[in-house]
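Below you'll find the structure, written out as structure tokens, and then a few comments.
The values are calculated or read from the model by the stated rules, or taken from the named source; none is laboratory data. It should be emphasised that the depicted structure is a prediction, and the values quoted were computed from it without experimental measurement. In this analysis, Cβ positions are derived from the backbone assuming ideal geometry, glycine residues included, and neighbour counts consider all displayed protein chains.
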Amino acid sequence: MASLTMVEALNLALHQAMEADDRVVLLGEDVAQTGGVFRVTAGLLDRFGESRIVDTPLAEAGIVGSAIGMSLYGLLPIVEIQFDVFVYPGFEQIVTHAARYAWRSKGESPASIVIRIPYGGGVRAPELHSDSPEALFAHVPGLKVVCPTTPSDARDMLLAAIEDPDPVVFMEPKRIYRAGREEVSEELPFEIGNGHGAPAELLSTARVAREGTDLAIITYGATVPLSVQAADELASDRGIQTKVLDLRSLYPFDIEAICSAASECGRVLVVHEAPRHAGLGAEVSSLIHERVMLDLHAPVMRVTGFDVPFPQFANEDDYLPSVARIKQGANKVLDW
Amino acid sequence: MAETATTNKNLVSTIHDTLAEEMRNDDRIVVLGEDVGARGGVFRVTMGFLDEFGEDRVIDTPLDENLIAGVAIGMAMDGLLPVAEMQFADFIFPGFNQIVQEAARIRYRSNNDFNCPVLFRTPYGGGVHGALYHSQSIEALFAHVPGLKVVAPSTPEDAKGMLITAIQDEDPVLFLEHKKCYRLIKGDVPDERYNIEFGKAKVRREGSDVTVVSYGLMHHFCVEAADRLSKDGIEAEVIDLRSIYPLDMGTILESVGKTNKVMIVYEDNKFLGVGAEVAAQIAENALFELDGPIVRIGGPHVPAMPFAPTLEHWFLPDVDRLEQEMRKLAEY
């Protein structure tokens, strides 16, 4: 066991995957010499050499496209997109190509790549460094989209994403990269490269971050700890027991966990940082109303970012869901 | 009221005629895209434009959507009114960065000093045996991007009024044309010039038993299914969304208040499609007026769209299926 931040846990996963399977390669902007702008890839160049850790030009279409080609030739590439907004030049490669190789080849040649994206606001970054583009990928058939929130989930889910034959978009909430430490087992969560793949639950299930029966807050990423804090305050303010569900898997959804949380609590708030319109909260809300509407005591409500481009950092605290806004939303659902 | 003169035409001719007329009225309007010049566009939307307006205003571009979008953005910021054609909606993604990161943000980034009156037109949707790369529905991806307007007229009359509005709009607009509707859908189009405001849905068929919200080709299927149900005494109210962002929730909620049952139909894959946002907003505003679940009918979560006719048919909701689903909800 070691006490690790999310960054260190991701770094551990990369070391372990590359150690266990020499088909694993990593490419991206500044991932080798610099060790990544967030140091997620620190130490890898020294350990595995420049044929497996590749510094690329600033060209995301080229990075993703190269990774797809490497994958079709039998490698297992991991791509780092340096910041969220930088993924858009590579959007065509991800959506039109990576997502479709399995279908186009009748399952014979999936593009087995992992696209790691540090995303989201709250780090006082300049413009174009704070988007939450996860809904754009979750809507695209052929991609898996996941988002860990704890260091040990980050380690286990990244190993599973590398092992998974499908392209996985791996969203890393950069605001909580170093928010806290957790004991992470250095033992592998499953046997790498034995041909059986990763356990499916690592890329398809939600996690209960806090138990409760009066209200369910369904969220993911950097708003998970904020929701837990809001839940604690709701308990002391007014004796409300709030369950916090960390989605972890953004596609596929853990429909079972979402619907049973809704049925159990009867009141649901969805929280995310991305713009509200056509964000993941819309799908969570629609699913619940489709399947378990009669168990609800109030409509599913959403606390989200706003339908404007992510603001400059001087204004980002007004844009991001805060504990106060989450509590306000929760009180609205509770008092409905 | 004096009767307005109209001409009966199909969707593609209406878009052609409207765009030509606007170009005659305003020489800031230029069109650019793949094959829009010498060939007149693969769907003939810009047929004859090169001869009439010349190559300074009708520009054949290389096969590079990133370039098309980027050049159009620059033209728009420099005083022109570019109408960029993406040959098929499926091809828009190489230009995604320009549209999402540049066009959509210019007004915000410049603190309102600059704006970007660019218009992206693109044929979308399935049912024409276009297979994987000529059939996609892309509207939900762009509806999630702040700073863009996304519209999808489904009748010739709406296409004219909304195209004029789109060209005049001071901000970027994505104008979606369902390619199966191009020649299938005909209607009386007023000869005079008129605008149809964005953010206004239209109740195309009144009814009291169930509200059906859709757009594009699916809207026509829904009207047909509703007409069939009418023979059995079930009256569906069919709403054509027309504008995907901004949404007209007022019209939808008013109808839901009357029928207490609602279904949203779209051919894009269901997960996180436009119907998710419509359903979420209906629930937020009118949950306890409902007498049944909010039903969404959308495509399966596989890449659009299979080539084999049987699979394409399986992928796309059809009138039979919609009739069945509407009946089921009405009887819920």
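From B:THR6, B:THR18, which residue is modelled with pLDDT of 95 or more and under 22 Å from the mean Cα position of the chain (by Cα)? Don't jump to the end; show me each part of the working.
Details: B:THR6 fails: under 22 Å from the mean Cα position of the chain (by Cα).
None of the others qualify; the one that does is B:THR18.
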| query | Looking at (1) part of a loop (DSSP other than H, G, I, E, B); (2) in contact with a strand residue (DSSP E or B) (Cβ under 9 Å, 6 or more places away or on another chain); (3) free of Cβ contacts under 8 Å to residues at least 60 places away in the same chain, which is the only condition B:VAL223 fails? | reply | (1)
| Subset of region B:132-154 (residues that are of a type in the set (Gly, Ala, Ser), within 9 Å of another protein chain (Cβ to nearest Cβ) and either touching a Pro at 6+ places or on another chain (Cβ under 8 Å) or part of a loop (DSSP other than H, G, I, E, B) (or both)) | B:GLY147
| Residues in region B:241-276 that are within 13 Å of another protein chain (Cβ to nearest Cβ), part of a helix (DSSP H, G or I) and not aliphatic (A, V, I, L, M): how many? | 1
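Looking at B:LEU174, B:LEU163, which one is in contact (Cβ under 8 Å) with a residue 40 or more places away in the chain, assigned to a strand (DSSP E or B) and outside the structural domain of B:GLY257 (by TED's automatic domain parsing)?
Working: B:LEU163 fails: assigned to a strand (DSSP E or B).
Of B:LEU174, B:LEU163, the one residue that is in contact (Cβ under 8 Å) with a residue 40 or more places away in the chain, assigned to a strand (DSSP E or B) and outside the structural domain of B:GLY257 (by TED's automatic domain parsing) is B:LEU174.
Tell me the residue from A:ALA61, A:ALA42, A:ALA102, A:ALA111 that is within 12 Å of chain B (Cβ to nearest Cβ) and either within 22 Å of the chain's Cα centre (by Cα) or in a loop (DSSP other than H, G, I, E, B) (or both), please. First the steps, then the outcome.
On the way: A:ALA42 fails: within 12 Å of chain B (Cβ to nearest Cβ); A:ALA102 fails: either within 22 Å of the chain's Cα centre (by Cα) or in a loop (DSSP other than H, G, I, E, B) (or both); A:ALA111 fails: within 12 Å of chain B (Cβ to nearest Cβ).
Exactly one residue qualifies, and that residue is A:ALA61.
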| Under the condition of being farther than 22 Å from A:ASP84 by Cβ and among the β-branched types (Val, Ile, Thr), which residue from region A:169-217 is farthest from the chain's Cα centre (by Cα)? | A:THR213
| message | Just to verify a result, which residue in region A:148-205, among those that are surrounded by fewer than 24 Cβ atoms within 10 Å (Cβ to Cβ) and among the basic types (Lys, Arg), is farthest from A:ASP21 (Cα to Cα)? | response | A:ARG175
| For region A:154-206, how many residues meet the condition of being outside any loop (DSSP other than H, G, I, E, B), touching a Ser or Thr at 6+ places or on another chain (Cβ under 8 Å) and farther than 18 Å from A:VAL114 by Cβ? | 4
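Could you name every one of the strands (runs of 3 or more DSSP E) located completely within region A:223-294 that has at least 2 residues being buried (at least 23 other Cβ atoms within 10 Å of the Cβ), within 14 Å of chain B (Cβ to nearest Cβ) and touching a residue at least 24 places away in the same chain (Cβ under 8 Å)?
Details: elements: A:242-246, A:249-251, A:268-275.
By residue number, A:249-251, A:268-275.
Can you tell me which residue is farthest from the other protein chains (Cβ to nearest Cβ) among those in region B:279-302 that are part of a strand (DSSP E or B) and small (Gly, Ala, Ser)?
Within region B:279-302, the subset part of a strand (DSSP E or B) is B:295-299.
So of that shortlist, the ones also small (Gly, Ala, Ser) come out as B:298-299.
On the way: B:GLY298: 10, B:GLY299: 9 Å.
This residue is B:GLY298.
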| For region B:273-307, how many residues meet the condition of being in contact with a Phe, Trp or Tyr (Cβ under 9 Å, 6 or more places away or on another chain), surrounded by fewer than 20 Cβ atoms within 10 Å (Cβ to Cβ) and under 21 Å from B:SER137 (Cβ atoms)? | 3
| message | On the basis of being facing chain B (nearest Cβ under 9 Å) and surrounded by fewer than 17 Cβ atoms within 10 Å (Cβ to Cβ), does A:PHE306 make the cut? | response | yes
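For (1) touching a residue at least 24 places away in the same chain (Cβ under 8 Å); (2) surrounded by fewer than 23 Cβ atoms within 10 Å (Cβ to Cβ), each residue gets a yes or a no:
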site: B:MET77; (1), (2): yes, yes
site: B:PRO82; (1), (2): yes, no
site: B:GLU85; (1), (2): yes, no
site: B:ASP90; (1), (2): yes, no
site: B:PRO94; (1), (2): yes, yes
site: B:ARG107; (1), (2): yes, yes
site: B:ASN111; (1), (2): no, yes
site: B:PHE114; (1), (2): yes, yes
site: B:PHE120; (1), (2): yes, no
| task | Test A:ASP307 against the criterion of being in contact with a Ser or Thr (Cβ under 8 Å, 6 or more places away or on another chain) and either in contact (Cβ under 8 Å) with a residue 12 or more places away in the chain or assigned by TED's automatic domain parsing to the domain that holds A:ASP131 (or both), and give yes or no. | result | no
| field | Extreme residue, nearest to the other protein chains (Cβ to nearest Cβ), among residues of region B:81-120 that are farther than 22 Å from B:ASP64 by Cβ and in a helix (DSSP H, G or I) | value | B:TYR108
| task | Test B:GLY70 against the criterion of being more than 14 Å from chain A (Cβ to nearest Cβ) and of a type in the set (Gly, Ala, Ser), and give yes or no. | result | no
| request: Return the only residue of A:ALA298, A:ALA198 being in the same structural domain as A:ASP131 (by TED's automatic domain parsing) and over 24 Å from A:ASP131 (Cα atoms). | output: A:ALA198
